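Undergrad: Starting off with a structure, shown below.
Every read-out reported here was derived from the displayed coordinates using simple, explicitly stated rules and does not represent laboratory data. Predicted model, so just to flag it, every value in this text is computed and none were measured. Heads up, the Cβs are rebuilt from the backbone with ideal geometry, glycines too, and the neighbour counts pull from every protein chain shown.
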Amino acid sequence: MLDRDQVLHVARLARLELSEEEVERMAAELSHVLDHIEKIRELDLEGVAPTSHVIDVVNVLRADEPEPSLPREAVLAAAPEPLMDGFGVPSPGAA
C-alpha cells in the first residue's frame, strides 16, 4: 500500500491539495490501481498487437467536408473587443 508521503508526492505533482481524509482515501485507491497494474504485468502478452480500442472502430468521425462559416459580423458581435476585421487581444506582458 502506498504510504502518506508517496500520496502527497503524487498530489504535489498533480498540483492537488488533499485533506488528511483524502490522503488516506487516495492511498487506498491508488494502491488498488497499482495492484491491477501488477496483475496485468503478469499476463503473457507476447504477440499481442498494441491497440487504442478493444474493438474495431470504423467510421467514428464524420467526413471533413467544408461548410459555410458564420457571417463575420455575427462572430465579431460576440467578441469582447472587436478591432476592424478581427479580435482584439492583450499585448504580451500587458496586465
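Undergrad: Go through segment 28-53 and give me each residue that's more than 30 Å from Leu8 (Cα to Cα) and touching a residue at least 24 places away in the same chain (Cβ under 8 Å).
TA: none
Quick grid of which residues meet (1) among the basic types (Lys, Arg); (2) closer than 30 Å to Val7 by Cβ:
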| residue | (1), (2) |
| --- | --- |
| Ala28 | no, yes |
| Glu42 | no, yes |
| Leu45 | no, yes |
| Thr51 | no, no |
| Val57 | no, no |
| Arg62 | yes, no |
| Arg72 | yes, no |
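Undergrad: Output the helices (runs of 4 or more DSSP H) that fall wholly within the chain and possess 3 or more residues being in contact with a helix residue (DSSP H, G or I) (Cβ under 8 Å, 6 or more places away or on another chain), or say none.
TA: So the answer is 4-13, 20-41.
Each row is one residue, and each column tells you yes or no for (1) surrounded by 10 or more Cβ atoms within 10 Å (Cβ to Cβ); (2) acidic (Asp, Glu).
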site: Ala14; (1), (2): no, no
site: Glu20; (1), (2): no, yes
site: Glu24; (1), (2): yes, yes
site: Lys39; (1), (2): no, no
site: Ala79; (1), (2): yes, no
site: Pro82; (1), (2): yes, no
site: Pro90; (1), (2): no, no
